[in-house]
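Right, one structure below, let's go through it.
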Amino acid sequence: MRELTKDILLYIEFGISLTGIAIIVYGALRAVGTFIKVEVTRFCDENKIHALMSIRADLGVYLLLGLELLIAADIITTILDPQLMELAVLAGIVLLRTILSLFLNKELKELKAQESPPISHA
């Protein structure tokens, strides 16, 4: 029974990992496609910098979601076979995700501030 549970958890871990990787790849492909579109139309668009910041923010969201799923998969792996190397990899991914999240949240706040002009009280 214990081996069956371990096998099931390994399949779940594999599925979660594949989903995380697919989300990251999808976000990257979407960002590249949008970037190419912005570059092709750059002579007509005056808000190129804003568009590029928006592309980066969108990509960051996909990266964060993909990394969250990879962290979940690594947690399952670490629970099933706890080794020092697995813990180190997990700690590195969590650190990367935390730093990425902080910078992404900062950029999203800046984008929102640029999109909505301040309300003046007369």
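The values are calculated or read from the model by the stated rules, or taken from the named source; none is laboratory data. Fair warning: this is a prediction, and the values are worked out from it, not measured in the lab. All Cβ positions, even for glycine, are placed from backbone atoms using ideal geometry, and neighbour counts span all protein chains on display. What goes into the accessible areas is simple: the full protein's heavy atoms, side chains included, and nothing from ligands, DNA or RNA. Shrake-Rupley method; radii C 1.70, N 1.55, O 1.52, S 1.80 Å.
Points to keep in mind about this one:
- In the context of the full set of protein chains, residues of the chain present 74 Å² of accessible surface per residue (probe radius 1.4 Å, heavy atoms only).
- For segment 1-52, the list of chymotrypsin sites (Phe, Trp or Tyr not before Pro) that fall in a loop by DSSP and count at most 10 other C-beta atoms within 10 angstrom reads 43.
- Scattering curve values for the chain, log₁₀ I(q)/I(0), Debye with Cα scatterers, q = 0.09, 0.16, 0.17, 0.21 Å⁻¹: -0.39, -0.86, -0.92, -1.15
- Within the chain: Cβ-based charge dipole about Cα centre, in debye rounded to nearest 20 (Lys, Arg +1; Asp, Glu -1): 340 debye
- At the residue level, residue 25 shows approximately 70 square angstrom of accessible surface with a 1.4 angstrom probe and all protein chains present.
- Sites residue 30 and residue 109, calculated FRET efficiency, Cβ-Cβ separation with R0 22 Å, nearest 0.05: 0.50
- Residue 61-residue 91 pseudo-label distance in nm [points 7 Å out on the Cα-to-Cβ vector]: 3.3 nm
- On segment 1-78, 70 percent of the accessible area sits on carbon and sulfur atoms, based on a 1.4 Å probe.
- Between residue 42 and residue 102, the contour length at 0.36 nm per residue exceeds the alpha carbon distance by 18.6 nm.
- The listed residues 56, 2, 30, once ranked by accessible area (1.4 Å probe) with the largest placed first, stand as 2, 56, 30.
- Between the listed residues 84, 108, 31, the Cα displaced farthest toward the positive end of the dipole of the chain, a dipole computed from Cβ unit charges relative to the Cα centre, is found at 108.
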